[in-house]
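These notes concern the structure reproduced below.
The values are calculated or read from the model by the stated rules, or taken from the named source; none is laboratory data. Bear in mind the structure is a predicted one, so any value in this text is a computation, not a measurement. Ideal geometry is used to build each Cβ from the backbone, glycine not excepted, and the neighbour counts take in all protein chains shown.
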């Protein structure tokens, strides 16, 4: 692991220590968990922002290193409307399915 130094307000450190005590772990463990969760959520929100600017769902998922299905679920959970381009979506689904279901992928492309 790499060391990371962060300056913070006293009340935040106090809350971190309190949470660490409740969970029976040290402050570093709590911080690692919070950073990981926050990073995952920030990647999803960044993907949504890029998608709203007109990028494809597949592109933003790849760019932000999020799972495409997680992005779709996240958008659904937050009632974010998808820009629906039928041709683009068919190509995306065909690509996703081609490895495990090549026949289905071909049928989608034939639509």
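Below are the figures for this structure:
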item: In region 2-40, the residues that are loosely packed, with under 12 Cβ neighbours inside 10 Å and within 30 Å of residue 61 (Cβ to Cβ); result: 2, 4, 6, 36, 37, 38, 39
item: Hits in region 61-107 - residues which are assigned to a helix (DSSP H, G or I), surrounded by 11 or more Cβ atoms within 10 Å (Cβ to Cβ) and either modelled with pLDDT under 85 or touching a strand residue (DSSP E or B) at 6+ places or on another chain (Cβ under 9 Å) (or both); result: 88, 89, 90, 91, 92, 93
item: Any hit, region 41-55, residues being modelled with pLDDT under 95, under 18 Å from the mean Cα position of the chain (by Cα) and outside any loop (DSSP other than H, G, I, E, B); result: yes
